[in-house]
């Protein structure tokens, strides 16, 4: 499967891959022949694609966007731009998608959240068991979720409050949970805990949003309840195929939806681990490291120079290009 970022070195070649059809327009040539202009995106970039009448593919292009597709393309160059002609197209079902995170738009993802997107792509690529990866892909392909996943803020005025903050925070919590569990829990327990961590704040898509104006119903429900509404159909799908995995996810998210003062001890400790990782991610964003503490004890003029050596970056801090 070829990522869009690699097309610049594939001029004149046929390539195939999984992409998101993000936009389409019906146009007419100067001679009156209809054609379609598509925009395909993935986690490495975007591409303009043409569908000509003589290809016989005009009616095979889905009418609604966004849509996950498998496409075969003839790559070419036009006026210094890499473009492509469509050779074949197939709309993908969730079980056919190898990595739904890789279908997220790199161009639409705010710069601050791009390292998190790259980390998420890598995480999905190696997630086991397969049924849990398919569940995660189903969630990421859900139009209610995919539309704001990379742009939603993590909070209105607290931690990760910039566009893309929700993705950055969620992936960081997922990584912290992985660090805490990999040497003590089974691989399955770790995978369940990390997926629950990734989705623990998903309801903020409905209660925080991406812009300066919050969604109209944020006063009517908590983000925890909205997380349940967004995930319920997918957890029910999972329950019919892997009830033990669904039980772990369902219990953990239900535990996290309760007020902290009334939670008590979790029967599956993933909930407590995610709660601790959540607080840690927020604290790191709000400048509560040791050097921040030490800086507060110094005169104002010396605070900028009192910095400890930088922390070792997380393994996922890399781009997808």
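Readers should treat all values here as calculations from the given coordinates under stated rules, not as data from a laboratory. The structure presented is a predicted model; accordingly, all values stated were derived computationally and were not measured. Glycine also receives a Cβ, built like all others from the backbone with ideal geometry; neighbour counts cover every protein chain displayed.
Under a Gaussian network description of the chain, with springs only between Cα atoms under 10 Å, the residue in 30, 104, 60 that fluctuates furthest is 30. Using Cα atoms only, what is the angle between the long axis of helix 223-239 and the major principal axis of the chain, expressed in degrees (0 to 90) to the nearest 10? It is inclined by approximately 60 degrees. In the chain, the DSSP beta bridges split such that about 90 percent are antiparallel, to the nearest 5. For segment 168-286, the square roots of the Cα gyration tensor eigenvalues, ordered a ≥ b ≥ c, give a/c of at least 1.5 with a/b no greater than b/c, which places it in the oblate category.
For the chain, a Gaussian network of Cα nodes joined below 10 Å ranks 260, 233, 66 by mean-square fluctuation, and the top entry is 260. Running a GNM on the chain with Cα contacts under 10 Å, which residue among 33, 232, 107 ends up with the highest mean-square fluctuation? Largest GNM mean-square fluctuation: 33.
Packing, as the average of other Cβ atoms within 10 Å across residues, places the peptides 170-181, 135-146, 234-245, 83-94 in the order 170-181, 135-146, 83-94, 234-245, highest first. Relative to the longest principal axis of the Cα atoms of the chain, helix 243-257 runs at roughly 60 degrees. Model label points for residue 37 and residue 59, set 7 angstrom from Cα along the Cα-to-Cβ axis, are 2.5 nm apart. The computed Rg/Rh (Cα atoms, Kirkwood Rh) for the structure shown corresponds, within (i) 0.98; (ii) 1.19; (iii) 1.03, to (iii).
Cα centroids of segment 60-81 and segment 200-230: 33 Å apart.
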